[in-house]
Amino acid sequence: MRSYANSTVEVSEVLNSGLRVETGIAVCTTTIFKQTSVPIFTVYGVIRISALFGEATTVFSADAAKGRFTFTSSDPVIAEANMSADSAVVTSLAKGTRLTLQGDVVGTAAVITASAGISFWPLGKMIVGTNGGTGTINLNNDGAAVSVATGAMQFVLCYTPLSDGAYAVNVF
């Protein structure tokens with residue numbers, strides 16, 4: 001059985017998936033699927049997204065909230081714009097189930113994986129941000145802002161910087 005040094009594994013990951021940043025765990029009762037729009041990552045400059053997903057870290061309650069990924073910029077000012085359409089409802093998500101950005105076409109629905117622990121790699125990559133600008137990638141609840149009583153999710157962003165000094169950081 002082969003064993004690789006951590007540095008080798010990290011270089012391979014960056015070459016294949018891009019840089020990786022992840023959030024802490026967001027609890028539905030206080031953070032996500034509660035408000036209209038919640039920032040999850042701050043983007044400085046222009047980045048190309050290889051993967052963006054949230055993974056359920058606990059079982060969700062049987063509430064009918066939906067989620068979609070959006071981008072908002074404060075410099076220059078750009079109103080919140082959809083990166084995806086609404087997902088299916090997050091009712092009773094199992095631990096390990098993922099909400100993923102498909103990435104092939106703006107407006108394609110965020111996808112909830114059919115099985116915990118298994119998800120597909122996005123079909124395409126998406127470019128967000130502006131040269132020298134600052135913006136956020138958000139999770140936007142559906143217009144009704146349906147509350148989810150229980151559940152928690154952690155978000156992961158894999159990206160490649162495209163403009164000088166571009167990077168992304170987690171908001172929580």
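Which ranges mark the strands (runs of 3 or more DSSP E) fully within the stretch 118-172 that have 2 or more residues being of a type in the set (Val, Ile, Thr) and under 18 Å from Val21 (Cα atoms)?
The strands (runs of 3 or more DSSP E) meeting that bar are 126-141, 152-161.
Test of understanding: among Thr134, Thr30, Thr97, Thr113, which residue is hydroxyl-bearing (Ser, Thr, Tyr), surrounded by fewer than 19 Cβ atoms within 10 Å (Cβ to Cβ) and in contact with a strand residue (DSSP E or B) (Cβ under 6 Å, 6 or more places away or on another chain)?
Details: Thr30 fails: in contact with a strand residue (DSSP E or B) (Cβ under 6 Å, 6 or more places away or on another chain); Thr97 fails: surrounded by fewer than 19 Cβ atoms within 10 Å (Cβ to Cβ); Thr113 fails: surrounded by fewer than 19 Cβ atoms within 10 Å (Cβ to Cβ).
Sole residue among the options that is hydroxyl-bearing (Ser, Thr, Tyr), surrounded by fewer than 19 Cβ atoms within 10 Å (Cβ to Cβ) and in contact with a strand residue (DSSP E or B) (Cβ under 6 Å, 6 or more places away or on another chain): Thr134.
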Pair list, Cβ < 6 Å and 6+ apart or interchain, from the stretch 46-72 residues that are more than 15 Å from Thr136 (Cβ to Cβ) and acidic (Asp, Glu) to residues that are surrounded by 20 or more Cβ atoms within 10 Å (Cβ to Cβ) and at pLDDT 90 or above: Glu55/Arg98
Hits in the stretch 74-86 - residues which are touching a residue at least 40 places away in the same chain (Cβ under 8 Å) and in a loop (DSSP other than H, G, I, E, B): Pro76, Met83, Asp86
Failed criterion for Ala56 (all others in (1) on the phi > 0 side of the Ramachandran plot; (2) buried (at least 20 other Cβ atoms within 10 Å of the Cβ) hold): (1)
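Which residues, counting only those in the stretch 87-102, are in a loop (DSSP other than H, G, I, E, B) and within 13 Å of the chain's Cα centre (by Cα)?
Step one: list which residues in the stretch 87-102 are in a loop (DSSP other than H, G, I, E, B), which gives 87-97, 101-102.
Correct list: Ser87, Leu101, Gln102.
The values are calculated or read from the model by the stated rules, or taken from the named source; none is laboratory data. Fair warning: this is a prediction, and the values are worked out from it, not measured in the lab. Quick reminder, even Gly has a Cβ in these numbers, built from the backbone with ideal geometry, and neighbours come from all protein chains shown.
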